[in-house]
1. So, in region 6-42, of the ones that are among the small types (Gly, Ala, Ser) and in a loop (DSSP other than H, G, I, E, B), which residue ends up least open to solvent (accessible area, probe 1.4 Å)?
2. If residue 97 satisfies all but one of (1) free of Cβ contacts under 8 Å to residues at least 40 places away in the same chain; (2) more than 23 Å from residue 21 (Cα to Cα); (3) assigned to a loop (DSSP other than H, G, I, E, B); (4) not basic (Lys, Arg), what's the number of the condition it fails?
3. Check off (1) touching a residue at least 12 places away in the same chain (Cβ under 8 Å); (2) open to solvent by 40 Å² or more (accessible area, probe 1.4 Å); (3) in contact with a Gly (Cβ under 8 Å, 6 or more places away or on another chain) for residue 3 and give me the number that stays unchecked.
4. Name every residue in region 48-81 that is free of Cβ contacts under 8 Å to residues at least 60 places away in the same chain, under 16 Å from residue 118 (Cα atoms) and of a type in the set (D, E, K, R), in order of residue number.
5. Can you tell me which residues in region 51-68 are assigned to a loop (DSSP other than H, G, I, E, B) and not hydroxyl-bearing (Ser, Thr, Tyr)?
6. Residue by residue through region 82-94, note down the ones that are in a loop (DSSP other than H, G, I, E, B) and exposed (fewer than 15 other Cβ atoms within 10 Å of the Cβ).
7. Take the residues in region 99-122 that are touching a His at 6+ places or on another chain (Cβ under 7 Å) and open to solvent by 30 Å² or more (accessible area, probe 1.4 Å); name whichever of them is nearest to residue 66 (Cα to Cα).
8. From 75, 62, 56, which residue is touching a Phe, Trp or Tyr at 6+ places or on another chain (Cβ under 8 Å), more than 11 Å from residue 124 (Cβ to Cβ) and open to solvent by 70 Å² or more (accessible area, probe 1.4 Å)?
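The values are calculated or read from the model by the stated rules, or taken from the named source; none is laboratory data. Because the structure is a prediction, the values reported are computed rather than measured. Every residue, glycine as well, gets a Cβ built from its backbone with ideal geometry; the counts of neighbours run over all protein chains shown. Only protein heavy atoms, including side chains, enter the accessible area calculation; ligands, DNA and RNA are left aside. Shrake-Rupley method; radii C 1.70, N 1.55, O 1.52, S 1.80 Å.
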Amino acid sequence: MNSCPCGSGSDYSACCEPIITGKTPAETAEQLMRARYTAHVKVEIDFLYDSTHPDHREGYDHEGTRVWAEKSEWHGLEILGTTQGGPQDEQGEVEFIARFRDKQGLRNHQERGQFERTKGKWLFTDGKMVKSKPVTVSKVGRNDPCDCGSGLKHKKCCGK
């Protein structure tokens, strides 16, 4: 089995390949998002361009996208949620994290992708970056109760 890079668990030939090759249209915004991620992995740059709404293609760098996709090592797609974007909807949003390694190191690209159905076909319109939440650390004082639930003070238990 040739598992699809989109992380669906399905075989590539039954999942994203028919969408990328144009044999089957994406039924949902999420399916198109998964196919677009897979197109980066498979370096199917024409599909990325074709699946972008014509009103949002200005400034698209075909060759730069190809080079970047080829030189990146793809580590997976995680769909965090969708808003609308179903078979009966005209618009949708898919929040996702695409993980990859490029010359700058391991990266997580988190975005809310905007999609629109035009003439019955889902197209990508825009993406809004989602900044990761700041890391918070709660500091345990020496005389605070230990987090392990032992009933002892932290300094007499796990804080030794």
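1. 26
2. (3)
3. (1)
4. Within region 48-81, 50, 57 qualify.
5. 53, 57, 58, 59, 61
6. Answer for region 82-94, where residues must be in a loop (DSSP other than H, G, I, E, B) and exposed (fewer than 15 other Cβ atoms within 10 Å of the Cβ): 86, 87, 88, 90.
7. That would be 101.
8. 75
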